[in-house]
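The values are calculated or read from the model by the stated rules, or taken from the named source; none is laboratory data. Predicted, not measured: the structure shown is a model, and the values here were computed from it. Cβ placement follows ideal geometry from the backbone for every residue including glycine, while neighbour counts extend to all protein chains displayed. For the accessible areas, the whole protein counts, side chains as well, though only heavy atoms, and no ligand, DNA or RNA atoms are used. Shrake-Rupley method; radii C 1.70, N 1.55, O 1.52, S 1.80 Å.
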Amino acid sequence: MNGLIEVKKVRKTFPQNGGADIVALDDVDISFESTEFVSLIGPSGCGKSTLLRLIAGLIRQDSGTITLDGAEITKPGYERGLVFQDPTLFPWMTIYENIAYGLRSRGVYKTEKRRIPDFFKLVGLEGFEKSYPHHLSGGMAQRAALARTLVNQPKVLLLDEPLGALDAFTRMNMQDEIIAIWQKQRMTTVMVTHDVDEAIYMATRIIVMSARPAKIEQVITVEKARPRRRDDHEFLELRAEILRTPHFAGRECVSDESVKHNKLLGDET
Ligand SMILES: Nc1ncnc2c1ncn2[C@@H]1O[C@H](COP(=O)(O)OP(=O)(O)O)[C@@H](O)[C@H]1O
Ligand SMILES: [Mg+2]
């Protein structure tokens, strides 16, 4: 048993001042299998972050259940690591101390610190142990945030638009690096992204969510071999299939590249 997340009939509302409650998720059923890499895409505000925060145990659902390997999730835990778009490193700590932080707060620093260098190597930050966050580029800071989560060896890695703030070149490199890490660690990975291309490039399964309240609109298994190309026929076909999804309201989910390629495929987007 390692890393099976089961979301069953989950409803989550947020109270709204002077108005009807916002229904973020309504009756959502979904599971994430150990070792798969799922990309969640859907219009802004549809409930993607809410779903990740529920799985992380940061908030509770109104009804329904969420379990990890059969055990109900009721609070945050190191076996479920969440990484946000903003790396949120502690600015007053060195990168080493930032990465060690998780081990210290679990009280296992002494016994597990010998593993820290492995994680520096895993995310390619060797030599930056004594640097401070403001010395790092955006991509490096995001790698440090990843290492800080990975050092706790989570069974489930939750990534909420982790590459959203990076320039296109760094972003593509980071996509490869995250895939390499996932291939080594083989944890259940759920990544929210706005970018259809990123989802196709990275995921073993793509889940398209509808506008709020989020429902599962479409599920696409991506069987492309790795390393993947971003420009072959299979890629373009997959992109066209996703963009045909009804209620794919979020044109913001489509990168300029997607639109261009889709025009090549004869779509009127
Ligand atoms: N803490 C909160 N309080 C009130 N409303 C919230 C809160 N968190 C999220 N929402 C609302 O729930 C909906 C889903 O939000 P979110 O999960 O962040 O969407 P996404 O990540 O898909 O863009 C949005 O309408 C958002 O405004
Ligand atoms: Mg979000």
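Quick notes on this structure:
- Subset tally (residues that are open to solvent by less than 40 Å² (accessible area, probe 1.4 Å) and either under 22 Å from residue 2 (Cβ atoms) or more than 12 Å from ligand 1 (Cβ to nearest atom) (or both)) for the stretch 35-66: 14
- The residue that is nearest to residue 173 (Cα to Cα), counting only those in the stretch 190-217 that are touching a Lys or Arg at 6+ places or on another chain (Cβ under 9 Å) and open to solvent by 10 Å² or more (accessible area, probe 1.4 Å), is 201.
- Condition met for residue 50 (outside any strand (DSSP E or B), polar (S, T, N, Q), within 16 Å of ligand 2 (Cβ to nearest atom) and at pLDDT below 95): no
- Among the residues of this structure, residue 212 counts as one that is in a loop (DSSP other than H, G, I, E, B), at pLDDT below 90 and basic (Lys, Arg).
- In the stretch 91-136, residue most open to solvent (accessible area, probe 1.4 Å) [restricted to those that are in a loop (DSSP other than H, G, I, E, B) and closer than 15 Å to residue 146 by Cβ]: 126
- Taking every residue in the stretch 218-240 that is free of Cβ contacts under 8 Å to residues at least 40 places away in the same chain and over 13 Å from residue 203 (Cα atoms) and pairing it with any residue that is small (Gly, Ala, Ser) and assigned to a helix (DSSP H, G or I), at least 6 positions away or on another chain, yields no pair with a Cβ-Cβ distance below 9 Å.
- Selection from the stretch 13-34 of residues that are open to solvent by 80 Å² or more (accessible area, probe 1.4 Å) and at positive phi: 18
- Of the criteria (1) among the β-branched types (Val, Ile, Thr); (2) in a loop (DSSP other than H, G, I, E, B); (3) modelled with pLDDT of 95 or more; (4) within 19 Å of the chain's Cα centre (by Cα), which one residue 88 fails: (3)
Each row is one residue, and each column tells you yes or no for (1) small (Gly, Ala, Ser); (2) farther than 30 Å from residue 113 by Cβ; (3) away from ligand 1 (no atom under 16 Å from the Cβ).
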| residue | (1), (2), (3) |
| --- | --- |
| 147 | yes, no, yes |
| 208 | no, yes, no |
| 215 | no, yes, no |
| 229 | no, yes, yes |
| 232 | no, yes, yes |
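- Among the residues of the stretch 24-55, those identified as of a type in the set (A, V, I, L, M, F, W, C) and farther than 20 Å from residue 220 by Cα are 24, 25, 54, 55.
- Counting residues in the stretch 140-153 that are of a type in the set (A, V, I, L, M, F, W, C), touching a strand residue (DSSP E or B) at 6+ places or on another chain (Cβ under 8 Å) and open to solvent by 70 Å² or more (accessible area, probe 1.4 Å) gives zero.
- Meets criteria (within 12 Å of residue 158 (Cβ to Cβ) and either within 16 Å of ligand 1 (Cβ to nearest atom) or open to solvent by less than 60 Å² (accessible area, probe 1.4 Å) (or both)) for residue 80: yes
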